[in-house]
Amino acid sequence: MSALTSDDAIDNLAELLERLGGIPLERIRFRPAPGTATEADVLVALEAPRKRVCELIDGVLVEKAMGYSESLLATLLIEVLNGFVRPRNLGLVTAPDGTLRLGAGRVRIPDVAFTSWDRMPGRRRPKQPIPDLAPDLSIEVLSRSNTRAEMRLKRQDYFTAGVSLVWEVDPEARTVSVYTAAEGPTILTEADTLDGGSVLPGFTLSLRDLFGELDRQG
């Protein structure tokens, strides 16, 4: 499956859906019309009274799939990553509205990302609202409306831009798929321990502890 390009004409809605990975129609924003959206529209959606987190895919605003369980896991991942990254001053960890320009016409928003200082100009936090920045690690917490084709396209964008490591966290299956390339993941279960590989040497996380957050009670 190929991604939308500026030279590709879309003749109908079915073709648009195929190009976007077969995502649910309600996630495709029609204001502005598909094919005409810009980075400014991404920021407008984020700042609107009814905040919408949307990625930009060649002129199309695609709303991020989100949910309560996904938010819980993203929050815990941010917490444990910051607990490792900040004391060592390795870089910055961003949350589910951290916009990143991965190339022309591509604004992606990982649920969680780690970016080392070495990837940042001058080893400082970018001041632009949508920086040209490929993180070292991108994490996606899957929702029910995410499709396999959609995630394949997203991984292609990540690795083409220079991302080194992608974790896809599946709350329903309670697995983490670890990618160092767009295909061929290592799939970990609750019995396993996730590690940071060459991106975050020494970082480990028990997946039983991660997914246990979904079972925690008062």
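The values are calculated or read from the model by the stated rules, or taken from the named source; none is laboratory data. This one's a predicted model, so the numbers in the text were calculated from it and none came from an experiment. Cβ: placed from backbone, ideal geometry, glycine included. Neighbour counts: every protein chain shown. Keep in mind that these areas ignore ligands, DNA and RNA; they rest on the heavy atoms of the full protein, side chains included. Shrake-Rupley method; radii C 1.70, N 1.55, O 1.52, S 1.80 Å.
Using the Karplus relation 6.51 cos²θ - 1.76 cosθ + 1.60 with θ = phi - 60°, the per-residue 3J(HN,Hα) values for region 163-174 come to 4, 8, 8, 10, 10, 10, 9, 10, x, 6, 7, 6 Hz, with x marking Gly and Pro.
A Gaussian network model of the chain, with springs between Cα atoms under 10 Å, assigns the largest mean-square fluctuation among 176, 112, 80 to 80. Ordering 66, 54, 82 by Cα displacement along the dipole of region 11-132 toward the positive end leaves 82 in first place; charges were set at the Cβ atoms of Lys, Arg (+1) and Asp, Glu (-1).
Summarise the accessible area of the chain (1.4 Å probe, protein heavy atoms) by the percent that is carbon and sulfur. Show your work: numbers first, answer last.
Details: 5440 of 11160 Å².
C and S fraction of accessible area: 49 percent.
Which helices pass in the chain if a helix is a full DSSP H run, must span at least 27 angstrom along its long axis by Cα, and must have mean Kyte-Doolittle hydropathy not below 0.0?
68-88
Straight Cα distances below 22 angstrom link residue 127 to the lysines 51, with same-chain residues fewer than 8 positions distant left out.
Given +1 at the Cβ of Lys and Arg, -1 at the Cβ of Asp and Glu and no other charges, the dipole of the chain around its Cα centre is 720 debye to the nearest 20.
Compute the normalised compactness of region 9-121: alpha-carbon radius of gyration over 2.2 N^0.38 Å, N being the residue count. Provide the component values of the computation, followed by the final result.
Values: Rg = 16.0 Å, N = 113, 2.2 N^0.38 = 13.3 Å.
Its radius of gyration relative to the 2.2 N^0.38 Å reference: 1.21.
Per-residue SASA remark: residue 164, around 50 Å² accessible (1.4 Å probe; ligands, DNA and RNA not included).
Where does the chain land at 222 nm, in deg cm²/dmol rounded to the nearest 500, when only DSSP H runs of n ≥ 4 count, each adding -39500 (n - 2.57), divided by all residues? Present the calculation step by step, with values, prior to reporting the outcome.
Details: 5 runs with 57 residues, N = 218.
That calculation yields -8000 deg cm²/dmol at 222 nm.
Would you list 159, 211 from the most to the least accessible area, probe 1.4 Å?
Details: 159 40, 211 0 Å².
Sorted by accessible area, descending: 159, 211.
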